[in-house]
Amino acid sequence: MSESMILAGDHLLTMDATNSVIADGAVLIEDGRIAAVGKLREISADNPSTPVKKIADSVLMPGIVNAHAHSGFLRGTAEHLPVWDWLTLHINPMHRVLQPHEAEAASWLCYAESVLGGTTAVVDMWRFMEGSAKAAEAIGNRLVAVPYVGEHPDYNYFDTLDMNEAMIETWHGKAGGRVNVWVGLEHLFYADEAGQRRAVELAKKHGTGFHAHCSEARIELAEFERRYGKRPMYVL
């Protein structure tokens, strides 16, 4: 967006230090960035030649951040199941057959839906995330891409840490800084000890975050007790 515009709404939620709310508020946008916020009459007076778009019955607010999401097509299929049954009966079989073009299509759908609902930044844990990065670059949302990685013989149908590192080297910091890539493990125990160590080392090497599911089900706690004699976070 290169043109200037004033967006106006009934209320403006600033999210400033005092959480102030401005009635009849407005946001001045210049070159795709927020340049000023305040009362509509004040913003308009300071920028008389800038067009105003008034949104009726609205609250203007910063974009929502979804700190843990999964692109995919299986929402609504098994919410009645305990998490481990859901994973073993629905999610893991899907990952065994998922193709890159299907994964990319899922990200296009999920990011578009997110933006329509006001979510402008997503931490997405998904597969074949080159397609996810392309979708975010085109749609305009912010993305932290976290590949689903399995580094254990029982979970060798997920992405690998080699794929994760290649994704970091290709996409981290791209799309004007809107797309970033972290190191991910689908679950901590979807990796053996060598895989867990390498995941942490990769995050340190590239200066990225590390993201994983942890302590979601009793079976996970029991498996860590069996392997290491400790609960997951103590092992990490």
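What follows draws every value from the coordinates through simple rules; no lab data is involved. Quantities reported herein were computed from a predicted structural model and do not represent experimental measurements. With ideal geometry, Cβ positions are generated from the backbone for all residues, glycine too; neighbour counts draw on all protein chains shown.
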Dipole magnitude (debye, nearest 20) for region 92-193, charges at Cβ of Lys, Arg, Asp, Glu:
520 debye
Once phi is turned into ³J(HN,Hα) by the Karplus curve 6.51 cos²θ - 1.76 cosθ + 1.60 with θ = phi - 60°, what whole-Hz value does each residue of region 87-98 show in order, with x for glycine and proline?
5, 6, 8, 10, 6, 4, x, 5, 5, 5, 10, 4
Stretched out fully, how many nm does the piece from THR50 to THR18 gain, at 0.36 nm a residue minus the Cα gap?
8.6 nm
Here the FRET efficiency for LEU74 versus ALA138, based on Cβ atoms and R0 = 30 Å and rounded to 0.05, is 0.80
For the ALA67, GLU30 Cβ pair and Förster radius 25 Å, calculated FRET efficiency rounded to 0.05 is 0.30
Spelling it out for THR119: with amide H atoms placed in the peptide plane at 1.01 Å from N, the residues 5 or more places away or on another chain with amide H under 5 Å from its amide H are ILE64
Each residue of region 107-124 in order: what ³J(HN,Hα) in whole Hz does its phi give by Karplus 6.51 cos²θ - 1.76 cosθ + 1.60, θ = phi - 60°, with x for Gly and Pro?
5, 4, 5, 5, 5, 4, 4, 4, 4, 4, x, x, 8, 10, 9, 9, 9, 10
Roughly what would the spin-label model give for GLN99 and ALA112, points 7 Å off Cα along C-beta, in nm?
2.0 nm
Calculated from backbone phi, Karplus (6.51, -1.76, 1.60) coupling profile of region 6-20 in Hz, x at Gly/Pro:
10, 9, 10, x, 5, 9, 10, 8, 7, 6, 7, 4, 10, 6, 6
Please give the peptides 172-181, 137-146, 85-94 ranked by average Cβ packing (other Cβ atoms within 10 Å per residue), highest first, as a rough proxy for protection.
137-146, 172-181, 85-94
Rough spin-label spacing in nm, given labels placed 7 Å along Cα→Cβ, for VAL59 and ARG226
4.8 nm
Could you check the simple spin-label distance between TRP84 and ALA166, using points 7 Å along Cα→Cβ, in nm with one decimal?
3.4 nm
Once the Cα gyration tensor of the chain is found, what semi-axes does its equivalent ellipsoid get, as square roots of 5 times the eigenvalues, in whole Å, sorted largest first?
41, 18, 17
Can you give the charge dipole size of the chain about its Cα centre, rounded to the nearest 20 debye, using +1 on the beta carbon of Lys and Arg and -1 on the beta carbon of Asp and Glu?
280 debye
